Every structure is written in structure tokens, then in C-alpha cells.
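Trainee: The structure under discussion is supplied below as C-alpha cells; questions concerning it will follow.
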Amino acid sequence: MASVLWNKKQQSRLVKNTGLRAEALALQLFWWTMGLLSPERASATGDRLMRWLGPKSGKFRKIRANLAMVFPEKDAAEIDRLATGVLGSLGAVMTEFAHLEKMTDRERPDPYIEIVSLNEDPDFLARKKPCIFVSAHLANWELIAFVLEAFGYPADGLYTPLSNPWLDRMIDSKRRMMNCNPIPRTNALRQLLKSLKQGRSVGMLTDVRIDDRHLLPFFGTGAGITTVPAWLSLKTGYDIVPVYGVRTGHARYRFTLYPALSKPPADTPDSEAIRQITVEMISMMETRIREHPDQWLCTNRRWPKQVMKDRGVY
């Protein structure tokens, strides 16, 4: 996360390690300072800070380019406004790490996190079997682990390790507070299957670009989108359940559990079934992003580089 403000270039190992340690120390100090404030004030402070600092970073250009792919009809001023909102949302998420214990306190009379279920399947509500939960980097995606645990579905989450190992360990400890066992993306299928076999659900953020020649339509343009949730569902028979959050105020969120994705007819070839399920998953993701684009963390390129250049968004 901190790399939003620091673009690491070719450096000696000593300089790089010193910088990485300093980065982690700076974040730890930042969390300690934000911990002196209330969750609401800390979230608001992080929002304002990143709205001010973020546009000065190289990530701002990538955010603008991604949003221009999603909203080709919007002018530059509107794209800038949305991109600044994305940075503010990221700042809020960064500061809210300092208050996870308070924000996930189930005994609070006025909870910070509201959980809504639109999934009325009796088996789902009875927690009869684990699920494959999918979401995107919207609002505070890190809270999804708590939401699933609170709703009765302890889950292990797929994640991409940070390039800074000290930062990665700090974030990992926060995730484990919410009873989430992080699963690194590299060679993750075996561990995902193991978690499901043990009765634990699994969760994935599916808006991460993968470099794959088999592109699927994402906002009308071919993109590398993971098909792992669909593959797991066909392999295990477990449902894919979308869960998305929206920020309703400083340090306040509403998370919604949606009905499971449709399952193709039993005689559908596996490759076609995987494509159909993934296209439906993408459609749900597009809808949620369109609703709150300023809460979508899109600091990395989401489409093939040449495609984005041809569209003129860079």
C-alpha cells in the first residue's frame, strides 16, 4: 500500500532493505498515531491525507486510466474527481487498520459494520456447507474476512503478498485477528481445496489482473480475469457467493451477501461452464464498481497495456 507514495527504482540491496524497513516503521508509527483518534476521525484523516498526497504520485495516472476504461463517456474533470476519491478511500482503509479491534467488536450497540443478506437459500442460511466467496477491492475489502466469520462462514482468503516483507507480516497479523488464514496466490489451488475439504470457506478478490491470453469481457474490453472460483465450484459442487461492501460513512460500512451465481446445466462442457460462471461473476463485479467507482482500489493496470494504449487512456 505504501508504494502508492514511493516508486521503488533499481537500488542496491542495502538501500532497498533500509527503505523497506523504514516504510514498515513509518506505517507502524502512522497506525499508532491514528490509534489515538476515534475510528471516525482516523478514517476521515486518512481520506483527506491521501486526497492531498495521492495525486502527486505515479499511481494517480494508473487510477485515471482504469477509470477512463470503465467510463469512456466521462470527461477529464470527472475522471480526476473519481480518481481523487479512490485515493481518499485508500487513505481511509490504511488508517482503519489501526482500529480493526474496535470496528469488529460485535458487542457494540452501534456497530461500525452492517451485514445484509440477500441470499435466501435455506442451505446457505443454515451454513450447511462452505462457500466460495468472491468480491473486489471495493470500500474496505479487508473487512470481508470479519463479515464472513460473523455471518457463520469462517474463511481463508487468497491474497498477493506485498513486495515489502515487513509490511506483509504487519498486514498478515491484522488479517489473522479476523480468523482469516491468508493463502498466497502462487500455486494456491491445493491450499484452497484443502480449506474447503476442512469445512472452511474461501474468499477471493477477482478484480486483480492476471496475464492470460484467454481474455474475458470486463467493461466491454478483453481483460485477464481469474477463472479459479468457477473451477473450484465445478470441482467441489460448492456455491459461489458474491459479497460486496460500500462505505456509508467514516469507518462505517454495509456489506451485502448476494444470491449464489447460477450453475450451468449438468451436460455443459467444463470449459464452457467455467466461462459462463466467470462471465456472470464479472457482470456482478461491474455493477458494484459502477455504483461506487470512487471506492474501487484500481491503482494497478487492469487491462493489457496495448489495449489501454489503443484506447488512448494513457
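The values are calculated or read from the model by the stated rules, or taken from the named source; none is laboratory data. All values derive from a computational prediction rather than experimental measurement. Ideal geometry is used to build each Cβ from the backbone, glycine not excepted, and the neighbour counts take in all protein chains shown. Side chains are part of the model used for accessible areas, which takes the heavy atoms of the whole protein and leaves out ligands, DNA and RNA. Shrake-Rupley method; radii C 1.70, N 1.55, O 1.52, S 1.80 Å.
Trainee: Looking at SER271, SER283, can you tell me which residue is free of Cβ contacts under 8 Å to residues at least 12 places away in the same chain, more than 17 Å from the chain's Cα centre (by Cα), surrounded by fewer than 21 Cβ atoms within 10 Å (Cβ to Cβ) and assigned to a helix (DSSP H, G or I)?
Mentor: Being free of Cβ contacts under 8 Å to residues at least 12 places away in the same chain, more than 17 Å from the chain's Cα centre (by Cα), surrounded by fewer than 21 Cβ atoms within 10 Å (Cβ to Cβ) and assigned to a helix (DSSP H, G or I) holds for just one of SER271, SER283, which is SER271.
Trainee: Provide a single number: the residues in the range 32-72 that are modelled with pLDDT of 95 or more and open to solvent by less than 50 Å² (accessible area, probe 1.4 Å).
Mentor: Looking only at that region, the number is 21.
Trainee: When the range 293-314 is examined, which residues are found to be farther than 12 Å from ALA136 by Cα and under 14 Å from the mean Cα position of the chain (by Cα)?
Mentor: ASP294, THR299, ASN300, ARG302
Trainee: Based on this model, can you work out whether LYS235 counts as modelled with pLDDT of 90 or more, out of contact with any strand residue (DSSP E or B) (no Cβ under 7 Å at 6 or more places or on another chain) and not in a loop (DSSP other than H, G, I, E, B)?
Mentor: Here the answer is yes, as LYS235 does meet what is asked.
Trainee: For the subset of the range 206-222 comprising residues that are surrounded by fewer than 21 Cβ atoms within 10 Å (Cβ to Cβ) and within 17 Å of the chain's Cα centre (by Cα), which member is nearest to GLY152 (Cα to Cα)?
Mentor: VAL208
Trainee: Which one of these does THR226 not meet: (1) buried (at least 17 other Cβ atoms within 10 Å of the Cβ); (2) part of a strand (DSSP E or B)?
Mentor: It fails just one condition, (2).
Trainee: Those residues that are in a loop (DSSP other than H, G, I, E, B), touching a residue at least 40 places away in the same chain (Cβ under 8 Å) and open to solvent by 30 Å² or more (accessible area, probe 1.4 Å), I need them from the range 240-267; list them, please.
Mentor: If the condition is that a residue be in a loop (DSSP other than H, G, I, E, B), touching a residue at least 40 places away in the same chain (Cβ under 8 Å) and open to solvent by 30 Å² or more (accessible area, probe 1.4 Å), then HIS250, TYR258, PRO259, ALA260 are the ones that fit.
Trainee: Pick out the one residue from PRO122, PRO130 that is over 14 Å from THR256 (Cα atoms) and either surrounded by fewer than 21 Cβ atoms within 10 Å (Cβ to Cβ) or under 15 Å from the mean Cα position of the chain (by Cα) (or both).
Mentor: Result: PRO122 is the single residue among PRO122, PRO130 that is over 14 Å from THR256 (Cα atoms) and either surrounded by fewer than 21 Cβ atoms within 10 Å (Cβ to Cβ) or under 15 Å from the mean Cα position of the chain (by Cα) (or both).
Trainee: Okay, next question. Determine which member of the set SER173, SER195 is small (Gly, Ala, Ser), over 30 Å from PRO72 (Cβ atoms) and surrounded by fewer than 13 Cβ atoms within 10 Å (Cβ to Cβ).
Mentor: Of the residues listed, the single one that is small (Gly, Ala, Ser), over 30 Å from PRO72 (Cβ atoms) and surrounded by fewer than 13 Cβ atoms within 10 Å (Cβ to Cβ) is SER173.
Trainee: Which numbered condition in (1) in a helix (DSSP H, G or I); (2) modelled with pLDDT under 95; (3) more than 28 Å from PHE151 (Cα to Cα) is the only one that LYS8 fails?
Mentor: In the conditions (1) in a helix (DSSP H, G or I); (2) modelled with pLDDT under 95; (3) more than 28 Å from PHE151 (Cα to Cα), LYS8 misses (1) alone.
Trainee: Considering only the range 176-192, how many residues are surrounded by fewer than 17 Cβ atoms within 10 Å (Cβ to Cβ) and farther than 25 Å from LYS235 by Cβ?
Mentor: Number of matching residues: 2.
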